[in-house]
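Reading through the structure tokens given below for one structure.
The values are calculated or read from the model by the stated rules, or taken from the named source; none is laboratory data. Just so we're clear, the structure is a prediction, and the values are computed from it rather than from any experiment. Note that each Cβ is placed from the backbone with ideal geometry, even for glycine, and that neighbours are counted across all protein chains shown.
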There are 4 protein chains.
Amino acid sequence: MKKGVLRPGHMQIRVLDLDEAVKHYTEVLGLIEMDRDPQGRVYLKAWTEVDKFSLVLREADVPGLDFVGYKCLNESTVDTLRQQLIEYGCTVEDIHENELNGCGRRVRFDSPTGHVFELFASKEQTGRWGVSNHNPEAWPRGLRGMKAQRLDHCLLYGPNIAGTVDLFREVLGFDLVEQVLDGDTRVAAFLTSSMKAHDVAFIECPEPGKLHHISFLLESWDEVLRAADLISMTDTSIDIGPTRHGITHGKTIYFFDPSGNRNEVFAGGNYFYSDHEPITWDAEQLGKAIFYHDRVLNDAFLSVLT
Amino acid sequence: MKKGVLRPGHMQIRVLDLDEAVKHYTEVLGLIEMDRDPQGRVYLKAWTEVDKFSLVLREADVPGLDFVGYKCLNESTVDTLRQQLIEYGCTVEDIHENELNGCGRRVRFDSPTGHVFELFASKEQTGRWGVSNHNPEAWPRGLRGMKAQRLDHCLLYGPNIAGTVDLFREVLGFDLVEQVLDGDTRVAAFLTSSMKAHDVAFIECPEPGKLHHISFLLESWDEVLRAADLISMTDTSIDIGPTRHGITHGKTIYFFDPSGNRNEVFAGGNYFYSDHEPITWDAEQLGKAIFYHDRVLNDAFLSVLT
Amino acid sequence: MKKGVLRPGHMQIRVLDLDEAVKHYTEVLGLIEMDRDPQGRVYLKAWTEVDKFSLVLREADVPGLDFVGYKCLNESTVDTLRQQLIEYGCTVEDIHENELNGCGRRVRFDSPTGHVFELFASKEQTGRWGVSNHNPEAWPRGLRGMKAQRLDHCLLYGPNIAGTVDLFREVLGFDLVEQVLDGDTRVAAFLTSSMKAHDVAFIECPEPGKLHHISFLLESWDEVLRAADLISMTDTSIDIGPTRHGITHGKTIYFFDPSGNRNEVFAGGNYFYSDHEPITWDAEQLGKAIFYHDRVLNDAFLSVLT
Amino acid sequence: MKKGVLRPGHMQIRVLDLDEAVKHYTEVLGLIEMDRDPQGRVYLKAWTEVDKFSLVLREADVPGLDFVGYKCLNESTVDTLRQQLIEYGCTVEDIHENELNGCGRRVRFDSPTGHVFELFASKEQTGRWGVSNHNPEAWPRGLRGMKAQRLDHCLLYGPNIAGTVDLFREVLGFDLVEQVLDGDTRVAAFLTSSMKAHDVAFIECPEPGKLHHISFLLESWDEVLRAADLISMTDTSIDIGPTRHGITHGKTIYFFDPSGNRNEVFAGGNYFYSDHEPITWDAEQLGKAIFYHDRVLNDAFLSVLT
């Protein structure tokens, strides 16, 4: 939080069939539907999140990511960073208050990897779902499916990650936590604005604006098993896991929503402070860096790199 | 234990390099070396086992299984079953006391699938390793690697599993816990002489006398993760996992010893009583039956079936 | 199962308010209501149990245990044991078929500690709740509360446990797994008819026919935490835990149903085979034997002993 | 990190017997001894910490806390905060570089509750113990005891916590995460400078400068059980647990070092961002707030309050 960016506050993704997607994110992931808007978008949140929503589903012909919004400490942080983004050379667009229900004005900007990001500071706070701020119980009864705790991060890929990484470090105050080096070239970068092992990550690939996965936090390795069981019981398409990542050391499973957007649920992993040196992985160890147990990339991951 | 057979008491396997194998089974699996004999065989046990040894390593040119020995309630059980094995048509061989260090006489017999089995009732009891029978602590300090708790079962494959299954049920009093049916043909059978989800399992394949894996019990799903981490840290060859089996519902990981013998470590899973109906899996669900999360067989498992 | 006794098949307990009790055992423990009878008794089961019911609630003015019934391998086992009970000196009563809904005839007998036991071999099998015997999923969705897996054992106290222990060992073929010795006097005994760390346990005390607790199996230590959380969330009266027992080494928590009957839910612990020596605890280590972490008895447990 | 304070960087505590204390913190907690100085102080760290040390043991006649030092982002942060502390009215003392081996200059200041705190920005970084920053394994082999991961926080008590809380919020930029209110009086406050549920906590009591406990992070609830087992195995004095806190919802166990300083090891719990409202507990719910399962304070905790 060196420059006032708190966390990933929302992601808007495209889904091919809204009803199927809502069913997936509520019944399998365990998110809570919070709102819908006249455009037909559906607003969801995970139960530990205090803001009204974190995931927005938009029906479209092609799956993928519309944008990621980072919540800032206050409006003056947004003002300051908006000016610095312009000075850095970004194209900045101002999105008016309530374009997303319950969300204040957003500052949208582009990036060298072709992804769209936003900054905002104000969003309606509905509080943790099912637990109070007054003598709160440990967790709410009535959670469904995987009981995802929060939208945690996303892994994006595109060309020129050097450019986007520089933007996040220099303008937004993110820190580099882990990286993969191919000789002198940084082919993957994991960045944080907090103590988390990553708030966003980038992998170099020729095609711009791509989404590898959006990721949700679970309570424990036991819950990763339960998630894996639910994937099987619900005939959800699995990618890989349960396993551990080398990078971040999180315990993880990858699977797909009905539109083909990759989801991750994970638990645990490293923590970070700004005085820590980044961790470096050699590109020839990429298999172990990504999938610590198998130590090889599966076909789906290999296809990202080409 | 309908006819007095308690449990798998020992397995003797062939390894290509004894020192490498001992290092693997002690430092990775966490077994304890208990003895060596003039033939050069090495005797190992897991820490919760009260008998002196359960795994015997023999150096040879080809890996695989020499034999599995089942411990019986007493010598009269061995006498009775020996006679019934002969009547059933088995070729029976009497192995004299102390052919294995500290083990009483064994009754060895053949089987339709080409595997060699034994019955015995007497073996030196050294007690649980590192804990006493008097005010015992919960677990011993000083365990290494995966901290395997006991040699649990093996999965064998060969032709005519119908014959071997009949032998185990009719003569030895094992129960059929789970099975895979391809139409009317039972292509896999999981048998128990106890409450365990399996004490032995068989899969139909053309080649006789084959070993798929020997399996060791762990404490928990957390320990399966720890095992997976150790597999990676020690550059041990992994097959698949961590995952869950459909059959038995155990939480598992498969990997290989340095000679290519497949090992499993697992935790949890179903229990069984003799009044339970067997669970049946359809052959077209074999992927899910074996690897519950991926729901497809990997190449290594597919090669077993042909 | 040396003499054909499989397991605890049912326990009938007395509750002061039936509705409150049903709510507790279904919503907190997670048992499933299976039936009611004209006497007003309520029949419950845990989800992994194949028989129709295991717990019977009877409304009465005083809480406690009516009887424990052990399921046998077959009717001829019941006949044989019935005769041996009579010869041993027990008062035997024949309970007719369907006195408990869906249960065959039962042979009821008394014991030196003042408890009433039964043997039976036939009970309607409804199968595991929510999962099939055909390509079964790992667990059923829709379980509530603690998701208890099975009725596992009970701990009883009364005078002359030496007599009841002798009865269980000599007539019913149970094994002594663990014991507490005060000098030469066995003041506590943990007995099994299977691989379980105990199917029944006894503690010496002056008052006859007392119930310390009925116990249900959970999946894991994580589920013991979840149970503890639910105890707090539902304002259920707690006794002690989460903790570990020294005896059996199970991970446990004790609490009370609304009538004051003590419940346990637990996970893990030792396994047993008939060739194992019993484990012995010294009476001066009783605190550690019962509550391994605190190493002292709490007031509730101390009151049992006097 | 609103004003550049990263985390608790070190605590110096007094122990009655240095050898016993070192044995406790290394063999039971699993810390690593890193250095000793001419004064005889012993420097320890937990394995995930990158700085050279976090815990300093000083032999003395009375146990307790000497001081807590917070690591800042850089030296200019220390300069700025030093000036603001003076303006706030604190007595500030400059401690020269290397007064603690490998640590830069420290700014020491007093507080209304009678505790001594420090700020510093420079300390030798030896890196995580047993794992590299280059292709790191998931965890180091060779860890002992509870495998504590980091020194996490401390709970302090004294008079006028309102004053110390104000100091931490206004000058050091800490946030109030949770509080206990007795009517309008805040009798307990949990503060963070990061995403952690607390970096320091205060409870009101008449006696100044008291230490309730120092706390270390563990990996999981499974590791809390393992810690509890080790407490029993090593005859370490236990206070309470395993259990969960209501405040923070962490899973915890309290015990004592040989000098009577209370230790906590814990896992999990809430996370925090600066836009979160504080959680409030009523004083009449203090039992549940502190010990979520028992819902009553034990005698040791009650004695803190008087």
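Every test in (1) free of Cβ contacts under 8 Å to residues at least 12 places away in the same chain; (2) more than 14 Å from chain C (Cβ to nearest Cβ); (3) farther than 27 Å from A:R186 by Cα is passed by A:I238 save one, and that test is (1).
So which of D:S122, D:S76 ends up being in contact with a strand residue (DSSP E or B) (Cβ under 9 Å, 6 or more places away or on another chain), within 23 Å of D:S193 (Cα to Cα) and of a type in the set (S, T, N, Q)?
Values: D:S76 fails: in contact with a strand residue (DSSP E or B) (Cβ under 9 Å, 6 or more places away or on another chain).
Unique residue meeting the criteria: D:S122.
Total residues in segment A:275-285 satisfying the condition of being more than 14 Å from chain B (Cβ to nearest Cβ) and among the hydrophobic types (A, V, I, L, M, F, W, C): the figure is 2. With the checklist (1) touching a residue at least 60 places away in the same chain (Cβ under 8 Å); (2) more than 28 Å from C:E223 (Cα to Cα) in hand, flag the one item C:Q83 doesn't pass. Failing condition for C:Q83: (1).
The one condition from (1) part of a loop (DSSP other than H, G, I, E, B); (2) among the small types (G, A, S); (3) buried (at least 23 other Cβ atoms within 10 Å of the Cβ) that B:A188 does not meet is (1). Candidates are the residues of segment A:241-270 that are surrounded by 21 or more Cβ atoms within 10 Å (Cβ to Cβ) and hydroxyl-bearing (S, T, Y); the one that is nearest to the other protein chains (Cβ to nearest Cβ) is A:T243. Being of a type outside the set (D, E), within 12 Å of another protein chain (Cβ to nearest Cβ) and farther than 26 Å from D:T80 by Cβ is the requirement here; does D:A197 meet it? So D:A197 fits the description; yes. If you go through segment A:241-263 and keep only what is touching a residue at least 24 places away in the same chain (Cβ under 8 Å) and under 13 Å from A:F291 (Cα atoms), you end up with A:T243, A:R244, A:H245, A:G246, A:I247, A:T248, A:H249, A:G250, A:K251, A:T252, A:I253, A:Y254. Among the residues of segment D:286-306, those that are within 11 Å of chain C (Cβ to nearest Cβ) and either without any contact (Cβ under 8 Å) to a residue 12 or more places away in the chain or within 23 Å of A:R128 (Cα to Cα) (or both) comprise D:G287, D:K288, D:F291, D:Y292, D:H293, D:R295, D:V296.
So if I check each of D:V92, D:V107, which one is surrounded by 23 or more Cβ atoms within 10 Å (Cβ to Cβ) and without any contact (Cβ under 8 Å) to a residue 40 or more places away in the chain? Spell out how you get there, then give the answer.
Values: D:V92 fails: surrounded by 23 or more Cβ atoms within 10 Å (Cβ to Cβ).
Just one listed residue meets the conditions, D:V107.
What number of residues in segment B:159-184 are under 20 Å from B:A283 (Cα atoms), more than 14 Å from every other protein chain (Cβ to nearest Cβ) and touching a residue at least 60 places away in the same chain (Cβ under 8 Å)? Residues meeting the conditions: 1.
Yes or no, residue by residue, for (1) over 25 Å from B:Y157 (Cα atoms); (2) in contact (Cβ under 8 Å) with a residue 12 or more places away in the chain; (3) within 14 Å of chain C (Cβ to nearest Cβ); (4) surrounded by 18 or more Cβ atoms within 10 Å (Cβ to Cβ):
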{"residue": "B:D19", "(1), (2), (3), (4)": "yes, no, no, no"}
{"residue": "B:Y25", "(1), (2), (3), (4)": "no, yes, no, yes"}
{"residue": "B:E33", "(1), (2), (3), (4)": "yes, no, no, no"}
{"residue": "B:D37", "(1), (2), (3), (4)": "yes, yes, no, no"}
{"residue": "B:G40", "(1), (2), (3), (4)": "yes, yes, no, no"}
{"residue": "B:P63", "(1), (2), (3), (4)": "no, yes, no, yes"}
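Among the residues of segment A:129-146, is any within 23 Å of the chain's Cα centre (by Cα), at pLDDT 95 or above, more than 14 Å from chain C (Cβ to nearest Cβ) and surrounded by fewer than 22 Cβ atoms within 10 Å (Cβ to Cβ)? Yes, segment A:129-146 contains at least one residue that is within 23 Å of the chain's Cα centre (by Cα), at pLDDT 95 or above, more than 14 Å from chain C (Cβ to nearest Cβ) and surrounded by fewer than 22 Cβ atoms within 10 Å (Cβ to Cβ).
Report whether or not A:V15 is touching a residue at least 60 places away in the same chain (Cβ under 8 Å), in contact with a Pro (Cβ under 7 Å, 6 or more places away or on another chain) and either surrounded by 22 or more Cβ atoms within 10 Å (Cβ to Cβ) or at negative phi (or both). Even if it seems obvious, please write down each step before you answer.
Details: touching a residue at least 60 places away in the same chain (Cβ under 8 Å): yes; in contact with a Pro (Cβ under 7 Å, 6 or more places away or on another chain): yes; either surrounded by 22 or more Cβ atoms within 10 Å (Cβ to Cβ) or at negative phi (or both): yes.
Taking the combined requirement at face value, the residue satisfies it.
Is one or more of the residues making up segment A:84-107 of a type in the set (G, A, S), assigned to a helix (DSSP H, G or I) and under 18 Å from A:G4 (Cα atoms)? If you could, list the steps in order and put the result at the bottom.
First, pick out the residues of segment A:84-107 that are of a type in the set (G, A, S): A:89, A:102, A:104.
Now drop any that are not assigned to a helix (DSSP H, G or I), which leaves none.
Within segment A:84-107, none of the residues are of a type in the set (G, A, S), assigned to a helix (DSSP H, G or I) and under 18 Å from A:G4 (Cα atoms).
State which residue is farthest from the chain's Cα centre (by Cα) when the search covers only segment D:27-48 and only residues that are farther than 17 Å from D:L100 by Cα and not aliphatic (A, V, I, L, M). The selected residue is D:E27. Of all the criteria given as (1) within 24 Å of D:I240 (Cα to Cα); (2) within 14 Å of chain A (Cβ to nearest Cβ), the one not satisfied by C:E219 is (1). For segment A:259-282, how many residues meet the condition of being under 28 Å from A:D229 (Cβ atoms) and part of a loop (DSSP other than H, G, I, E, B)? Qualifying residue count for the region: 6. Checked against (1) out of contact with any helix residue (DSSP H, G or I) (no Cβ under 6 Å at 6 or more places or on another chain); (2) in contact (Cβ under 8 Å) with a residue 24 or more places away in the chain; (3) farther than 21 Å from A:L65 by Cβ, A:G142 passes all but condition (2). Selection of segment A:279-303 for residues being surrounded by fewer than 18 Cβ atoms within 10 Å (Cβ to Cβ), closer than 16 Å to A:G183 by Cβ and among the small types (G, A, S) yields only A:A283.
Does A:F67 fit the bill of being more than 14 Å from chain D (Cβ to nearest Cβ), crowded, with 21+ Cβ neighbours inside 10 Å and not charged (D, E, K, R)? Don't jump to the end; show me each part of the working.
Values: more than 14 Å from chain D (Cβ to nearest Cβ): yes; crowded, with 21+ Cβ neighbours inside 10 Å: no; not charged (D, E, K, R): yes.
Criteria not met by A:F67.
Out of all the residues in segment B:127-143, which are in contact with an Asp or Glu (Cβ under 6 Å, 6 or more places away or on another chain) and under 18 Å from B:L218 (Cβ atoms)? Within segment B:127-143, B:V131, B:A138 meet the criteria.
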